[in-house]
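To start, the structure under review is shown below, and the notes come after it.
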Amino acid sequence: MKRSKVKELLAAGKTGTDVLVKGWVRTKRGIKNVAFIALNDGSTVNNIQIVVDVANFDEELLKNITTGACIGATGKLVESQGQGQSVEIVASSIELYGACDPETYPLQKKGHSMEFLREHAHLRPRTNIFGAILRIRHAMAFAIHKYFNDHGFKYLHTPIITSSDAEGAGEMFHVTSFDLKNVPLDENGEVDFSKDFFGKATNLTVSGQLEGELGALALGEIYTFGPTFRAENSNTPRHLAEFWMIEPEMAFYDINDNMDLAEDFVKYLIRYALENCAEDLEFLNKMVDNSLLERLKFVINNSFIRMPYTEAIAILEKADKKWEYPVSWGCDLQVEHERYLVEQHFKCPVILTDYPKDIKAFYMKQNDDGKTVRAMDVLFPGIGEIIGGSQREDDPDKLGARIRELNLPKKDLWWYLETRKFGSAPHSGFGLGFERIMLFVTGMSNIRDVIPFPRTPKNAEF
Ligand code: 4AD
Ligand code: MG
């Protein structure tokens, strides 16, 4: 018999037919001669109830059906006699695939802390909460490709191993095939990367943007969606050493077109989740955060505030707040400042633009004031920055001057600079942190809990 998914049976199962389900036992309880098994197969947060007439089954088999065990059950789908489910299965046969020792199985019925579940990341997908999060994560990834495909963007695969530091922040993981006990040195005692695998120093990418620009300046609109790596030692609920980033890059877009796209795109993702992940979102709304659904609906129904950095600084300077990090023009905004603007001052997502050039990357288009660049950061409630982007500097002279000013290795960027020399075009793009939008959509508060296997300082288990 073909296996049915629990989701399909609960939604539209035809009662009176024989069905086969396979999954993991969430609970088993009994009254007199009947046992009730709640079975989950990961297709939905809801379990299907299997009713077992104890007299018809081997005692040893039933003893082994405990929380966490994996079974297949065949039986008739009938209207449920009990409350809480529409249909249930009256079992005619049960096969035990994998028993689960109740003494040592870490996921007991009682609720577990998020910390405990992180230490059991190999099993946590079997909890209701991580099942919900992982189904939403899948739906969001699908929606991202759908959005860009529907808008004529091409998916460009940018390299994972590169020799450039796109953000110029130096937070890179080295990639080498050297024997670390015997690293070749040159005559000055420096590591001789010419002898390494690629003949030069390489690292894991911090952003696909620079290569993304090469694609946009040929295909028009592209996007990348892949893992990015940052060796920044930030132990915060918003930082990962390995995170996924979505980076669209568009020829002929100025900063306003860029902001329009960013706003439309994140609203689309949130709407997609509301329409396609309703069950899981309702579960999270009930279990994690009672204002989640309300907050998601608020964001798609209201326009984001747009304002230059300079005006935001004036608001922050006037605020009746004791800052951990003092604010003044030129400072990089901290999460406390971003969240004040979004949560207390405007009570709405905010896009800040025209940041001081000294706190932003070399590639951003310089404004005529000589002090600011055409940057944009999208700030969200509960999180702070979820998107960073800009119009790009398309003038070869200004770009070259900025690279010299910042002492960046110009010879390594020769290919990037050639796009400005040969048929340069105004263009813009941004990067959305996938796990940051996942935090917002799920209402979770720690970024380690919206990615299956988080990578953070001192943690690469699993
Ligand atoms: O602001 P960032 O550093 O911008 C860039 O990398 C640009 N090259 C993007 C572009 O214009 N194409 O990073 C973009 C976003 C941030 O807004 C944040 O959401 C996320 O990536 N991000 C992180 N997410 C999790 N952990 C980290 N350590 C992150 N660093 C950045
Ligand atoms: Mg940023």
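The values are calculated or read from the model by the stated rules, or taken from the named source; none is laboratory data. It should be emphasised that the depicted structure is a prediction, and the values quoted were computed from it without experimental measurement. Note: ideal-geometry Cβ built from the backbone for every residue, glycine included; neighbour counts use all protein chains shown. Please note that ligands, DNA and RNA were not included when accessible areas were found on the heavy atoms of the full protein model with its side chains. Shrake-Rupley method; radii C 1.70, N 1.55, O 1.52, S 1.80 Å.
Only loop residues by DSSP count here, and only those with at most 11 other Cβ atoms within 10 Å; note down the trypsin sites (Lys or Arg not before Pro) in segment 94-193 that meet that. Hits after loop and neighbour filter: 109, 110, 181.
In terms of overall dimensions, the C-alpha atoms belonging to segment 281-383 reach 50, 30, 20 Å along their principal axes, ordered largest to smallest.
Relative to one another, the C-alpha centroids of segment 408-462 and segment 337-406 are positioned 15 Å apart. Within the set of other residues whose C-beta is less than 9 Å from the C-beta of residue 300, count the net charge using Lys and Arg as +1 and Asp and Glu as -1. Charge balance near residue 300 sits at +3. Relative to the compact-globule estimate of 2.2 N^0.38 Å, the Cα radius of gyration of segment 321-462 comes out at 1.24.
Using the Cβ-Cβ distance between residue 176 and residue 235 with R0 = 25 Å, the FRET efficiency computed as 1/(1 + (r/R0)^6) comes to roughly 0.45. What do you get for chymotrypsin sites (Phe, Trp or Tyr not before Pro) in segment 385-446 restricted to DSSP loop and a cutoff of at most 11 other Cβ within 10 Å of the site's Cβ? Passing both the DSSP loop test and the Cβ count: 422. Accessible surface for residue 408 stands near 40 Å², nearest 10, in the context of the full protein assembly shown (1.4 Å probe).
Among 453, 57, the sequence by solvent-accessible area, most first, with a 1.4 Å probe is 453, 57.
Can you give me the C-alpha center-to-center distance between segment 260-303 and segment 190-238, rounded to a whole angstrom? Using only Cα atoms to place each centre, the spacing works out to 31 Å.
Relative to its residue count, segment 6-105 spans a Cα convex hull of 96 Å³ per residue. Between residue 90 and residue 195, the distance separating the two model label sites (each 7 Å from Cα on the Cα→Cβ line) works out to 7.8 nm. Taking only the C-alpha atoms of the chain, the Rg (one decimal) and the largest Cα-Cα distance, Dmax (whole number), read 26.7, 85 Å.
Near residue 68: Cβ cut-off under 13 Å, other residues only, Lys/Arg at +1 and Asp/Glu at -1. The net charge is +3. Consider a paramagnetic label point 7 Å from the Cα of residue 114 along Cα→Cβ; state which residues of segment 235-269 have an amide N under 19 Å from it. Under 19 Å, as judged by backbone N against the label point of residue 114, lie 235-244 of segment 235-269. Using the Cβ-Cβ distance between residue 279 and residue 256 with R0 = 35 Å, the FRET efficiency computed as 1/(1 + (r/R0)^6) comes to roughly 0.40. Across segment 55-129, Cα-Cα pairs more than 16 Å apart make up 63 percent of the total.
How are the C-alpha pair distances of segment 28-185 spread across 5 Å bins, as whole percents from the shortest bin up? In whole percents, the pair-distance histogram is 1, 6, 11, 13, 12, 11, 10, 7, 7, 7, 5, 5, 3, 1, 0, 0. Let me cross-check residue 112: its accessible surface, 1.4 Å probe, with only protein heavy atoms counted, in Å² to the nearest 10? Using a 1.4 Å probe on the heavy atoms, I get roughly 40 Å². Annotation: amide H-H contacts under 5 Å for residue 373 (H modelled 1.01 Å from N, sequence separation of 5 or more, or interchain): 355, 357, 367. Working from label points 7 Å from Cα in the Cα-to-Cβ sense, the residue 310 to residue 63 distance is 8.0 nm. Between residue 160 and residue 385, the simple label model (points 7 Å from Cα in the Cβ direction) yields a spacing of 2.5 nm.
If you look at the Cα atoms of segment 332-401, you get an Rg and a Dmax of 13.4, 42 Å.
Here the calculated FRET efficiency for residue 405 and residue 105, from their Cβ-Cβ distance with R0 = 51 Å, stands at 0.30, rounded to the nearest 0.05. Restriction of the chymotrypsin sites (Phe, Trp or Tyr not before Pro) in segment 198-240 to DSSP coil positions whose beta-carbon has at most 16 other beta-carbons within 10 angstrom yields 198.
Taking GluC sites (Glu not before Pro) as exposed when DSSP calls them loop (any state but H, G, I, E, B) and at most 12 other Cβ atoms lie within 10 Å, what is the longest stretch of the chain free of them, the sites themselves excluded?
It runs 325-460.
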